[in-house]
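For reference, the structure is listed below as structure tokens.
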Amino acid sequence: FNPAAYKQQLADEFDQLYAEGGTRRRMMVIGLHERLSGHASRVRVLDRTLTRLRDHPDVWWARKDQIAQWTLNHADTASWVNRDPAPVSGLPGRSA
């Protein structure tokens with residue numbers, strides 16, 4: 001997983017979620033582990049990517065505690081969450 005692939009993955013994920021975010025709530029999480037993302041080349045890619053993403057309008061940059069507090073404050077709007085079980089298909093004896 002080289003730095004160029006990491007950069008492309010971050011860009012593709014953001015672009016997809018940003019496009020979907022026009023019609024529904026989306027959240028991008030960038031998990032970091034010191035052995036994977038702690039290399040200088042990946043830190044540089046992360047810095048460049050976050051700088052690019054900050055230029056997009058209508059993006060909320062938040063910590064986990066801020067997201068949790070927003071959710072608690074807007075519990076009445078939770079109807080947008082689909083709590084139905086995910087469809088199961090492709091398994092023997094099952095149809096979707």
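Across segment 13-36, which residue is surrounded by the most Cβ atoms within 10 Å (Cβ to Cβ) among those that are assigned to a helix (DSSP H, G or I) and at pLDDT 90 or above? Within segment 13-36, the match that is surrounded by the most Cβ atoms within 10 Å (Cβ to Cβ) is PHE14. Only one entry of ASP12, ASP58 meets the criterion of being out of contact with any strand residue (DSSP E or B) (no Cβ under 9 Å at 6 or more places or on another chain), on the phi > 0 side of the Ramachandran plot and without any contact (Cβ under 8 Å) to a residue 60 or more places away in the chain, and that entry is ASP58. For residues that are farther than 17 Å from LEU17 by Cβ and surrounded by 10 or more Cβ atoms within 10 Å (Cβ to Cβ), scanning just segment 58-69, find the one that is modelled with the highest pLDDT. Checked segment 58-69; the qualifying residue modelled with the highest pLDDT is GLN66.
The values are calculated or read from the model by the stated rules, or taken from the named source; none is laboratory data. From a predicted model like this one, the values you see are computed outputs, not experimental measurements. Because the Cβ atoms are built from the backbone with ideal geometry, glycine has one as well, and the counts that use them run over all protein chains shown.
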